[in-house]
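Q: Before I ask anything, let me first share the structure, which is written out below as structure tokens.
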Amino acid sequence: MSQVGLCVVSVVTILISQWLYKWRNPKCNGVRPPGSMGLPFIGETFQLLIPNYSLDLHPFIKKIIEKYGKVFSTNLVGRPMVITADPKLNNYLIQQEGREVELWYLDTFQKVFGLEGEARPNAVVQIHKYVRGSYLNFFGVDRLRTKLLPEIETTVRINMHRWSTQGTTDAKKETANMVAIFAAKTLFGHDFEKSSDDIGITIAGFVEGLLSFPLNIPGTKFYKCMKDKDKLEKVIRAKLKERIACPEEKKGDFLDQAVKDLNTDFFLTENFILSIIVGALFATVESISTAIALSFKLFAEHPWVVEDLVAEHDILLKNRENKESPLTWDEYKSMTVTMHVINEVLRLGNVAPGILRKTLKDINYNGYTIPAGWAIMIVNSTLQLNPDVFKDLLKFNPKRWKDIDPQIASKNFMPFGGGTRQCAGAELAKSFFAIFLHVLVSEYRCVSHLFHIS
Ligand code: HEM
């Protein structure tokens with residue numbers, strides 16, 4: 001090899017070694033939490049994306065905690081990250097929104113809306129206020145009480161009737177389809193009885209693929225997800241255009257309000273409204289269907305829980321004057337056993353396995369420094385799996401909720417997050433789940449055999 005060639009190889013080797021050193025030892029003004037940064041570019045993404053089939057912590061997170069402790073460093077899709085399963089740090093971080101941490105996906109907001117420099121923090125607050133306000137208005141207690149409760153009940157009844165006429169039913173797919181049907185009607189007035197497309201299935205496919213590895217090549221789940229997203233956006237955009245052309249034709253859905261707000265603020269564009277709707281579809285469909293599907297597995301293994309539910313709903317129906325009338329808000333609020341079941345499914349379900357944030361400044365904790373600009377995954381489920389509060393922690397036992405002090409529960413049970421970013425769809429999720437259980441146990445028997453559980 002010529003001397004020039006040798007020089008080039010040496011320089012390249014030095015540069016690669018330096019880069020690898022920096023990859024493995026990212027800059028930190030202190031001692032960063034222990035942990036491996038994984039492979040170049042992909043970090044430990046694959047280990048984290050392995051599905052968790054148990055009710056316990058994710059196997060990768062469990063293994064690393066055993067090795068390094070409850071706060072550790074890693075790398076996810078090329079971004080350095082700290083994962084924390086430390087309840088004290090988790091509670092602290094959840095309360096630090098806008099001060100020491102901010103939502104991680106706001107990187108994407110910045111790119112999409114061109115929010116740079118000084119305008120950004122203000123704009124982020126404005127956008128968050130609008131999105132949160134819209135969701136709370138649309139899916140909050142008032143609207144559930146006055147409008148959505150009977151709509152949920154009708155959707156559940158129609159779908160469950162269809163399932164009961166099928167041989168076997170895939171619990172996750174069918175519940176996702178059912179929630180998608182409700183969400184699409186409520187958000188953009190999609191009428192399933194009149195339309196011939198399978199938008200429920202498209203939405204369910206899109207949502208499922210979003211949680212896969214983001215490799216956009218034919219044959220992958222993610223590729224199909226992107227195709228479903230295109231299809232979905234086409235349908236929603238067409239509805240949006242129709243509504244903009246005839247704003248007086250109100251349907252009582254989210255689009256009515258969105259079209260009214262259009263262009264009243266710099267970020268309220270057609271594309272933004274489209275992304276809020278797609279975001280709401282994701283938030284609604286994946287979370288509710290995961291919880292309901294898991295409940296079937298747990299019911300099959302614990303039939304006494306179904307008996308307790310049947311007893312509660314039999315009494316509810318006996319006390320009702322008009323047996324044919326839809327479920328009322330007061331009836332929903334009176335369902336104590338049902339709420340204990342829902343809490344217990346959410347406790348074990350790990351529906352939102354991690355809350356993501358980005359650090360705005362260096363954060364010092366227990367002698368470690370989490371550098372500014374790093375991502376943080378707050379593993380909230382460690383709270384729900386605290387053996388000091390939840391005896392026999394992996395056991396599905398809704399009765400435990402009878403004896404738990406509400407104050408202790410509020411500090412140790414946060415399936416919907418906390419602080420200023422607490423879930424805006426919590427009441428919708430709980431009421432959907434409760435109505436689902438109501439229809440199931442009051443109109444069907446042998447419920448544990450209704451579904452094929454895979
Ligand atoms: C079992 C069901 C659900 C669970 C376990 C759940 C969980 C969560 C969690 C943990 C957060 C906090 C995320 C963070 O701090 O970054 C969150 C936020 C959020 N959730 Fe849910 N969620 C559920 C259902 C829903 C539904 C049905 C909707 C639909 C409207 C929804 C809409 C939202 C929104 C908009 C936020 C962001 C709030 C904000 O940033 O102000 N969620 N959810």
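The values are calculated or read from the model by the stated rules, or taken from the named source; none is laboratory data. Quick caveat, the model's predicted, so the values are computed rather than measured. Virtual Cβ from ideal backbone geometry, glycine too; neighbours counted across all protein chains shown. Protein only, heavy atoms only, side chains kept; ligands, DNA and RNA dropped before computing areas. Shrake-Rupley method; radii C 1.70, N 1.55, O 1.52, S 1.80 Å.
Q: Tell me the mean residue ellipticity at 222 nm calculated for the chain from its helices only (DSSP H runs of n ≥ 4, each -39500 (n - 2.57), averaged over every residue, nearest 500).
A: Values: 18 runs with 249 residues, N = 454.
Calculated mean residue ellipticity at 222 nm is -17500 deg cm²/dmol.
Q: Now, a different point. With contacts defined as alpha carbon pairs under 8 Å and 6 or more residues apart, what's the relative contact order of region 319-383 in percent? Mind dumping the intermediate values first?
A: Details: 48 pairs, mean separation 17.3, N = 65.
Across region 319-383, relative contact order equals 27 percent.
Q: Leaving ligands, DNA and RNA out of it, report the carbon-plus-sulfur percent of the accessible area of the chain at a 1.4 Å probe.
A: 58
Q: In addition: When the dipole is taken about the Cα centre of region 317-402, and only Lys, Arg (+1) and Asp, Glu (-1) are charged at their Cβ, what size is it in debye, to the nearest 20?
A: Its charge dipole is roughly 120 debye.
Q: For region 154-208 and region 375-410, write down the distance between their C-alpha centroids in whole Å.
A: For region 154-208 versus region 375-410, the Cα centre distance is 32 Å.
Q: Shifting gears a bit: How high is the relative contact order of the chain, in percent, with contacts defined as C-alpha pairs under 8 Å that are six or more residues apart? Could the numbers behind the result be given before it?
A: Working: 544 pairs, mean separation 108.6, N = 454.
Averaging sequence separation for qualifying contacts and normalising by length gives 24 percent for the chain.
Q: In the P(r) worked out for region 342-454, what percent of Cα pairs fall beyond 17 Å? Before the final figure, lay out the partial values.
A: Values: 4260 of 6328 pairs.
Of all Cα-Cα distances in region 342-454, 67 percent exceed 17 Å.
Q: Identify, among Leu149, Thr269, Phe188, the residue whose Cα sits farthest towards the positive end of the charge dipole of the chain, taking +1 on the Cβ of Lys and Arg and -1 on the Cβ of Asp and Glu, with the dipole about the Cα centre.
A: Final value for the positive-end residue is Thr269.
Q: Quick one: if the Förster radius is 35 Å, what FRET efficiency do Leu360 and Glu193 give, using the C-beta to C-beta distance and rounding to 0.05?
A: 0.10
Q: Determine the per residue accessible area of the chain with all protein chains present and a 1.4 angstrom probe, expressed in square angstrom.
A: That works out to 51 Å² for each residue.
Q: Among the chymotrypsin sites (Phe, Trp or Tyr not before Pro) within region 9-63, which fall in a DSSP loop and have no more than 12 other Cβ atoms within 10 Å of their own Cβ?
A: Answer by residue number: Phe41, Tyr53.
Q: Treating only the Cβ of Lys, Arg, Asp and Glu as charged (+1, +1, -1, -1), what charge dipole size does the chain show about its Cα centre? Round to the nearest 20 debye.
A: Taking the Cα centre of the chain as origin, the dipole is about 1100 debye.
Q: How much solvent-accessible surface does Ser212 expose, in Å² to the nearest 10, with a 1.4 Å probe and all protein chains in place?
A: 30
Q: Which order do Leu144, Leu385, Leu360 take by accessible area at a 1.4 Å probe, largest first?
A: Result, largest first: Leu360, Leu385, Leu144.
Q: How much length is gained on full extension from Asp261 to Ala372, taking 0.36 nm per residue of separation minus their Cα-Cα distance?
A: Taking Asp261 through Ala372 to full extension adds about 36.4 nm, to one decimal.
Q: In the chain, if every C-alpha pair distance is counted and binned at 20 Å from zero, what percent goes to each bin?
A: 21, 54, 22, 3, 0
Q: Kindly report, to the nearest 10 Å², the accessible surface of Val351 as traced by a 1.4 Å probe over protein heavy atoms only.
A: Probe radius 1.4 Å; accessible area of Val351 about 50 Å².
Q: What nm value, rounded to one decimal, do you get for the distance between Glu301 and Asp170 when each label is placed 7 Å out toward the C-beta?
A: 2.2
Q: Here is a further query. Tilt of helix 336-349 relative to the longest C-alpha principal axis of the chain, in degrees (0 to 90, nearest 10)?
A: Relative to the chain, helix 336-349 is tipped by roughly 20 degrees.
Q: What is the spin-label model distance, in nm, from Leu6 to Asp56 if the labels are put 7 Å beyond Cα along the C-beta direction?
A: Those two pseudo-labels are separated by 5.6 nm.
Q: For labels at Lys88 and Arg162 in the simple 7 Å Cα→Cβ model, what's the distance in nm?
A: For the pair Lys88/Arg162, the computed spacing is 5.2 nm.
Q: Looking only at Cα atoms, what is the convex hull volume of region 379-440 per residue, in Å³?
A: Details: hull volume 6.9 nm³, N = 62.
Considering the Cα atoms of region 379-440, their hull volume per residue is 112 Å³.
Q: Take every Cα pair under 8 Å in region 8-112 that's 6+ residues apart, average their separations, divide by the length, and report that relative contact order as a whole percent.
A: Over region 8-112, the number comes to 22 percent.
Q: Something else: If you take the charge dipole of the chain about its Cα centre, with +1 on Lys and Arg Cβ and -1 on Asp and Glu Cβ, which of Thr74, Phe432, Leu298 is farthest toward its positive end?
A: Comparing the listed Cα positions along the dipole, Thr74 ranks first.
Q: Quick one: work out Rg over Rh on the C-alpha atoms of region 176-288, Rh as Kirkwood radius.
A: Ratio of gyration radius to Kirkwood radius for region 176-288: 0.98.
Q: Let me ask another. Given +1 on the Cβ of Lys and Arg, -1 on the Cβ of Asp and Glu, and no further charges, what dipole in debye does region 11-86 carry about its Cα centre, rounded to the nearest 20?
A: With Lys and Arg at +1 and Asp and Glu at -1, about 240 debye.
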